[in-house]
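Read through the structure below, which is laid out as structure tokens, and then see the notes.
Just so you know, all these numbers are worked out from the coordinates, no wet-lab data involved. Note that the structure is a prediction, hence the values are computed from the model and not measured. Ideal geometry is used to build each Cβ from the backbone, glycine not excepted, and the neighbour counts take in all protein chains shown.
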Amino acid sequence: MPCRLDDIGLPKDLALHRIKVANEDLETAESNFAERHLRAANNRAYYAIYHAITAVLEIESIVFKKHKETIGIF
């Protein structure tokens, strides 16, 4: 069941933060990939995608505690 973020901050602010985190994770993934650290690159790429998805959901003030729920609703 999704949680509401009414008292934590504006959904837009939270979404922008998640996009920033997603971009940082993507940069790290690209760097790891270039250095042939493939497991680390895969991990950071996953989190870049995950944080981008959470940014989209936070626009609607929807947050889940588990990755499975977040990805499932998306």
Identify the residue in region 9-36 that is assigned to a helix (DSSP H, G or I) and among the basic types (Lys, Arg) and, among all such residues, is nearest to THR70 (Cα to Cα).
ARG18
Suppose we filter region 16-37 for residues that are under 9 Å from HIS51 (Cα atoms) and among the hydrophobic types (A, V, I, L, M, F, W, C); how many remain?
3
Restricting the search to region 44-74, which residues are of a type in the set (Lys, Arg), in a helix (DSSP H, G or I) and in contact (Cβ under 8 Å) with a residue 60 or more places away in the chain?
none
If you take the residues in region 35-73 that are among the polar types (S, T, N, Q) and under 20 Å from LEU14 (Cα atoms), which one is farthest from the chain's Cα centre (by Cα)?
SER61
